[in-house]
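The values are calculated or read from the model by the stated rules, or taken from the named source; none is laboratory data. These figures come from a predicted structure and were not determined experimentally. Note that we place each Cβ from the backbone using ideal geometry, even for glycine, and neighbour counts take in every protein chain shown.
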Amino acid sequence: MKWTAPMFLNEQLFVKRPAVEHTDLAGKIVAVVGANTGLGFQAAIHFASMNPDKLIMACRSKERGEAALNRLVEETGYKSAVLSLVDLADFASVTAFADRFEEENSRLDIVVYNAGMMQPSYSSTADGWETCLQVNNLGSPLLTLRLVPLMLRTAKTHHVTPRIVTVASDTHYWANVEALEELLEEPEFLKKMSDKEYCTPARVGGERYWICKLLNVLFTRALAEHLPTTITPVAVNPGLCSSELTRDLTKGSRIVAFILGMMHKLLAFTAEEGSRQLVYGAIGQTDDEKGLRGQFVQRSKVFEPSDFVLSPNGKRLESKYWEELIEVLSKIDSKIPSSLHEIGVL
């Protein structure tokens, strides 16, 4: 499927937003990564209204996380939300979060990955990876693969189908196909994407976010292929929303700040409206788990992803991404091989 500018404008301006899904989450544990602001916080508000046994608000900042937790309690009256710190730009933080999670929780029914970022220029993490790539396409998969065994045990013990929800984007339709095909020929394409010389201003400030969002879709599809059918991974598109995602793009440029400000004023959904897609990914279409597994969702229904995703080269990149992820993450976290062995991947 191709996603044109007129289609995007029509979606933002004229298509009615679906109502939020609602169900009883009693006895279940829900985790939202990136829950302190924007779509993640609004999704947490919705989940709190469904009375889960525990709602884990995973945030990078203790100060902002505590403020969000207090606000959620004030607005909903829900008393079983807890704050847990994790920074997807720090592999040690991710593995520590996963260790704590396994120690403190006997089950995991829903995990929503809302944390993501875009930047106008190159920067690297203390782990040596380009920041956007690590946050969007390495940190979240690392946490996912560490938590999947617990989700598999949850499915077996409680006869439920846990969900892994990744916030993707319709911008994945616009990913540069030539750049993707070039990356396919790289022996280690993730390392190539992270290389400072490769990360020119045009690649980082322009196409990087679109490619990162396409990799989110490919990772979801790879999970659906490799994980047992008792777990449902899904990628969701909330659309262009008023949030803090673009905050780094406006620093130091009044022109960019003005353009983005006008776009948000004229076109953007509210964070609450966007969060409805996160909730749908978590609890929607329970009558057809098979039809939802590995799919791209927007407007509370399955949408066809980009032509590249469905192409032979898209399948090649999906496999290449999965294989390289396993190799890279296994070196980062010694528990990854045992996690994969437990779920039958290795």
Original post:
Out of all the residues in the stretch 1-47, which are small (Gly, Ala, Ser) and buried (at least 20 other Cβ atoms within 10 Å of the Cβ)?
Top reply: Ala31, Gly34, Ala35, Gly38, Gly40, Ala43, Ala44
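If you scan the stretch 107-130, which residues turn out to be touching a strand residue (DSSP E or B) at 6+ places or on another chain (Cβ under 7 Å) and surrounded by fewer than 21 Cβ atoms within 10 Å (Cβ to Cβ)? Give the derivation first.
Residues of the stretch 107-130 that are touching a strand residue (DSSP E or B) at 6+ places or on another chain (Cβ under 7 Å), as a first pass: 107-116, 122, 124, 130.
Arg107, Tyr122, Ser124, listed by residue number.
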Original post:
What is the residue count in the stretch 265-307 for residues that are touching a helix residue (DSSP H, G or I) at 6+ places or on another chain (Cβ under 6 Å) and in a helix (DSSP H, G or I)?
Top reply: 7
Subject >> Considering residues of the stretch 184-209 that are crowded, with 19+ Cβ neighbours inside 10 Å and in contact with a Phe, Trp or Tyr (Cβ under 6 Å, 6 or more places away or on another chain) only, the residue modelled with the lowest pLDDT >> reply: Val204
Subject >> Residue in the stretch 252-262 that is of a type in the set (D, E, K, R), surrounded by fewer than 21 Cβ atoms within 10 Å (Cβ to Cβ), at pLDDT 95 or above and assigned to a helix (DSSP H, G or I) present >> reply: no
**OP:** For residues that are surrounded by 22 or more Cβ atoms within 10 Å (Cβ to Cβ), within 17 Å of the chain's Cα centre (by Cα), not charged (D, E, K, R) and not in a loop (DSSP other than H, G, I, E, B), tally how many sit in the stretch 152-175.
**Re:** 6
**OP:** Could you give me the residue pairs with C-beta distances under 6 Å whose first residue belongs to the stretch 118-140 and is more than 15 Å from Asp333 (Cβ to Cβ) and in contact (Cβ under 8 Å) with a residue 40 or more places away in the chain, whose second residue is of a type in the set (S, T, N, Q) and buried (at least 21 other Cβ atoms within 10 Å of the Cβ) wherever it lies, and which are 6+ apart or on separate chains?
**Re:** Glu130/Ser194; Leu133/Ser194
Original post:
Of all residues in the stretch 187-221, which are assigned to a loop (DSSP other than H, G, I, E, B) and of a type in the set (Lys, Arg)?
Top reply: Lys196
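Conditions (1) within 26 Å of Gly27 (Cβ to Cβ); (2) among the hydrophobic types (A, V, I, L, M, F, W, C), marked per residue:
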{"residue": "Ile110", "(1), (2)": "yes, yes"}
{"residue": "Asn114", "(1), (2)": "yes, no"}
{"residue": "Ser123", "(1), (2)": "no, no"}
{"residue": "Asp127", "(1), (2)": "no, no"}
{"residue": "Leu142", "(1), (2)": "no, yes"}
{"residue": "Leu145", "(1), (2)": "yes, yes"}
{"residue": "Leu152", "(1), (2)": "yes, yes"}
{"residue": "Thr161", "(1), (2)": "yes, no"}
Original post:
Quick check: anything in the stretch 23-45 acidic (Asp, Glu), farther than 21 Å from Thr270 by Cα and out of contact with any Ser or Thr (no Cβ under 9 Å at 6 or more places or on another chain)?
Top reply: yes
**OP:** Evaluate the stretch 316-336: report whether one residue or more is surrounded by 15 or more Cβ atoms within 10 Å (Cβ to Cβ), modelled with pLDDT under 95 and in a loop (DSSP other than H, G, I, E, B).
**Re:** no
**OP:** State yes or no: is Thr286 modelled with pLDDT of 95 or more, surrounded by fewer than 16 Cβ atoms within 10 Å (Cβ to Cβ) and polar (S, T, N, Q)?
**Re:** yes
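Looking at this structure, is Leu143 at pLDDT 95 or above and either buried (at least 21 other Cβ atoms within 10 Å of the Cβ) or assigned to a loop (DSSP other than H, G, I, E, B) (or both)? Spell out how you get there, then give the answer.
Details: at pLDDT 95 or above: yes; either buried (at least 21 other Cβ atoms within 10 Å of the Cβ) or assigned to a loop (DSSP other than H, G, I, E, B) (or both): yes.
The answer is yes for Leu143.
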**OP:** Sort out which residues of the stretch 48-69 are crowded, with 19+ Cβ neighbours inside 10 Å and over 16 Å from Val111 (Cα atoms), and write them in order of number.
**Re:** Gly65, Ala68, Leu69
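Residue-by-condition table, conditions (1) in a helix (DSSP H, G or I); (2) out of contact with any helix residue (DSSP H, G or I) (no Cβ under 8 Å at 6 or more places or on another chain); (3) in contact (Cβ under 8 Å) with a residue 40 or more places away in the chain:
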site: Phe8; (1), (2), (3): yes, no, yes
site: Asp24; (1), (2), (3): no, yes, no
site: Ala44; (1), (2), (3): yes, no, no
site: Ile56; (1), (2), (3): no, no, yes
site: Leu108; (1), (2), (3): no, no, yes
**OP:** Six or more apart or on different chains, Cβ under 6 Å: which pairs go from a residue in the stretch 86-106 that's surrounded by 15 or more Cβ atoms within 10 Å (Cβ to Cβ) to one that's basic (Lys, Arg)? Could you list them?
**Re:** Asp87/Arg60; Ala98/Arg146
